[in-house]
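First the structure, in the form of structure tokens, and then the observations on it.
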Amino acid sequence: MTTLPPDNSLIRVLQQRISSSHLRLRLGIEADHEAQIFGQGRNSFHIENWYSIHSVIRNTLRLLLLHQRGKRNALNIQISHNDLVIDRLPEPFDGYTILQISDLHLDANPQMPQALIERLRRVDYNLCVLTGDFRAKTHGSFEAALAGLRAIRHHLKKPVYGVLGNHDSILMVPDMEQMGIRLLLNESAVLRREGAEIYLVGIDDPHYYRADNIEKAVLNLPETSSSILLSHSPEVYRHAAHTGFDVMLCGHTHGGQICLPGGIPLMCNARCPRNLCSGPWKYYKMIGYTSRGSGVSVVDVRFNCPAEITLHHLCRA
């Protein structure tokens, strides 16, 4: 069993925030497997930790005179719109808008925070959700990512909720919550409007850490309530649908990031059907959306797969 260091102030804050078992799980895997290429998680291969191949890809793009073009593509963040038609949506929430930002990887490119801020100045919404991966690497310092997030937080309207991704450390939670970002760590929150309620549920990373616990997250949810799940990865879509969620918002895949013409991804890095790896989808009675993300991973380029932030418009059926 992982022993928690008693003299660490961050650990003391987290012990008051989440269960000791959840904290031990997260810290233990971070220590044992954070830079691992093979094994751990739902996928057995993790290209984000194979740093030698990152250089090979960058140098190949430079030889093909495509690297600078790809970097420009990555900073050209689109504003996408998506209608979420929900059968049991309370009438006061008809027209309610949720801004989703995913896979920010804020320290991958020093220009990324400002590029994102420029897009945020052009959108209007009622609620913001962040679906994980704030850091570029899966281990090491996260101070640069937090600095970028602080700059962005000043341009986000309250309330702001989020979940952790496979690049994020549990030790980032206290700083993020001090910024006014409520992390949902296998937890739920109630959204109220004109006397009506819907539930927002968030789970910890289900891809690499496998720290997700949907059963715990829905303990306080009435069965007849309208509910939205935030998950970093779409890989838990079956569990989410059969639990009874109306909507699932996720990211992780970057939509492939480097795609063939027509947006055909070379790789999605998620164990789920390809039609769930980008944009809107449906499984059973649940509707979902997988964001292409606003940032980049592995290499700082995009081809045939624009970065995005998404405005989800809730609609009554």
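Using a 10 Å Cβ count of at most 12 others and DSSP loop calls, identify the longest part of the chain lacking such GluC sites (Glu not before Pro). Please list the in-between numbers first.
Values: sites that count: Glu194, Glu223.
Between the exposed loop sites, the longest stretch runs 1-193.
Report the gain in length on full extension from Asn8 to Val123: 0.36 nm times residue separation, minus Cα-Cα distance, nm rounded to one decimal.
On the way: separation 115, 0.36 × 115 = 41.40 nm, distance 3.99 nm.
Taking Asn8 through Val123 to full extension adds about 37.4 nm, to one decimal.
Give the shape of the stretch 240-317 as rounded, prolate or oblate, defined through the alpha-carbon gyration tensor: a ≥ b ≥ c are the square roots of its eigenvalues, a/c under 1.5 means rounded, and otherwise the shape is prolate if a/b is larger than b/c and oblate if not. Write out the running numbers ahead of the final one.
Numbers: a/c = 2.31, a/b = 1.79, b/c = 1.30.
Prolate is the answer for the stretch 240-317, as a/c is 1.5 or above and a/b outweighs b/c.
Short-range pairs are left out: with C-alpha atoms under 8 Å and at least six residues apart, the relative contact order of the stretch 76-226 is 21 percent.
Ranking of Arg271, Arg210 by neighbouring Cβ atoms within 10 Å, starting from the fewest: Arg271, Arg210. For the stretch 9-316, relative contact order (Cα pairs under 8 Å, six or more residues apart, normalised by length) works out to 25 percent. Panel order for Leu260, Leu191, by other beta carbons found within 10 Å of each beta carbon, from fewest to most: Leu260, Leu191.
So how much slack lies between Tyr284 and Thr60, counting 0.36 nm per residue of separation and subtracting their Cα-Cα distance, in nm? Please list the in-between numbers first.
Numbers: separation 224, 0.36 × 224 = 80.64 nm, distance 4.22 nm.
Contour length minus Cα-Cα distance gives 76.4 nm.
Among all lysine pairs in the chain that are eight or more places apart or on different chains, how many have alpha carbons less than 27 angstrom apart? List each step's numbers first, then the result.
Numbers: Lys71/Lys137; Lys158/Lys216; Lys216/Lys282; Lys216/Lys285.
Lysine pairs meeting the criterion: 4.
In a simple Cβ point-charge model (Lys, Arg +1; Asp, Glu -1; nothing else charged), the stretch 9-316 has a dipole of about 640 debye relative to its Cα centre. Note on the stretch 144-300: semi-axes of the ellipsoid equivalent to its C-alpha gyration tensor, largest first and rounded to whole Å, are 24, 22, 14. Here the chain has an Rg and Dmax of 18.7, 60 Å, counting Cα atoms alone. For Met179 and Asp83, the FRET efficiency from 1/(1 + (r/R0)^6), where r spans their Cβ atoms and R0 equals 25 Å, is about 0.25.
When only C-alpha pairs under 8 Å and at least 6 residues apart count, what is the relative contact order of the stretch 266-317, in percent?
Numbers: 38 pairs, mean separation 11.6, N = 52.
The value is 22 percent.
Of the residues Gly165, Cys315, Leu276, the one whose Cα sits farthest towards the positive end of the charge dipole of the chain is Leu276 (charges of +1 on Lys and Arg Cβ, -1 on Asp and Glu Cβ, taken about the Cα centre). Using 0.36 nm per residue and subtracting the Cα-Cα separation, the extra length available between His155 and Arg238 on full extension is 26.4 nm.
By other beta-carbon atoms within 10 Å, ranking Tyr161, Tyr284 with the fewest at the front produces Tyr284, Tyr161.
The numbers here are math on the coordinates, done by the rules we state, and not lab data. These numbers were taken from a predicted model, which means no experiment stands behind them. Every residue, glycine among them, receives a Cβ derived from its backbone with ideal geometry; neighbour counts consider all protein chains shown.
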